[in-house]
1. Which of (1) 0.92; (2) 1.07; (3) 1.15 is the computed Rg/Rh (Cα atoms, Kirkwood Rh) for the structure on display?
2. When the dipole is taken about the Cα centre of the chain, and only Lys, Arg (+1) and Asp, Glu (-1) are charged at their Cβ, what size is it in debye, to the nearest 20?
3. Can you tell which of ALA51, ALA26, ALA76 shows the greatest fluctuation in a Gaussian network model of the chain with Cα springs below 10 Å?
4. Rounded to the nearest 500 deg cm²/dmol, what is the calculated helix-only ellipticity per residue at 222 nm for the chain, with -39500 (n - 2.57) per DSSP H run of length n ≥ 4?
5. Given a 1.4 Å probe and heavy atoms of the protein chains only, how would you sort HIS80, HIS69, HIS43, largest accessible area at the top?
6. I need the phi-derived Karplus couplings for the stretch 48-65: 6.51 cos²θ - 1.76 cosθ + 1.60, θ = phi - 60°, integer Hz, Gly and Pro marked x.
7. Starting from the Cα of LYS74, draw a straight line to each of the aspartates and glutamates and keep only those under 19 Å, dropping any in the same chain fewer than 8 residues away.
8. Residue by residue, what Karplus-based ³J(HN,Hα) values in Hz, rounded to whole numbers, does the stretch 6-19 have, using 6.51, -1.76 and 1.60 with θ = phi - 60° and x for Gly and Pro?
Amino acid sequence: MALTEETVQDKIEVVGEFKHIQVRTATVIKRDGTEISRSFHRHVVQPDISADDLANESADVRGIAAQVHTQEVKDAYAAHLAASAPE
């Protein structure tokens, strides 16, 4: 009886005005090739992510970020954050 664990990013979505990237990672446990458990972890990549943090994302997420996190989106997101910051 062999147990294996596999981690896969099974869903990547771009949502909202500021092109937030939602990433869902599934952890799948299998016994002799048959799935016996699946759990999920989610995180969001915002337009203001640092280059160091973006480097830790998967190649798929980095590629999507390069396409949707344009300078225009980053500037609009920064303006939004500045406008909604408490005084």
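The values are calculated or read from the model by the stated rules, or taken from the named source; none is laboratory data. If you're wondering where the values come from, they're calculated on a predicted model, not measured in any experiment. Cβ: placed from backbone, ideal geometry, glycine included. Neighbour counts: every protein chain shown. Ligands, DNA and RNA are stripped out before the accessible areas are found, and what is left, the full protein with its side chains, is counted by its heavy atoms. Shrake-Rupley method; radii C 1.70, N 1.55, O 1.52, S 1.80 Å.
1. Only one option fits the structure, namely (3).
2. The dipole magnitude comes to about 320 debye.
3. Comparing ALA51, ALA26, ALA76 in the GNM, the peak value goes to ALA51.
4. Mean residue ellipticity, 222 nm, calculated: -9500 deg cm²/dmol.
5. HIS80, HIS43, HIS69
6. Computed from phi, the couplings for the stretch 48-65 are 8, 4, 6, 4, 5, 5, 5, 4, 7, 7, 5, 4, 4, 5, 4, x, 5, 4 Hz.
7. GLU13, GLU17, ASP48, ASP52, ASP53, GLU57
8. Ordered by residue, 3J(HN,Hα) equals 10, 10, 9, 7, 9, 8, 10, 10, 9, 9, x, 4, 9, 6 Hz.
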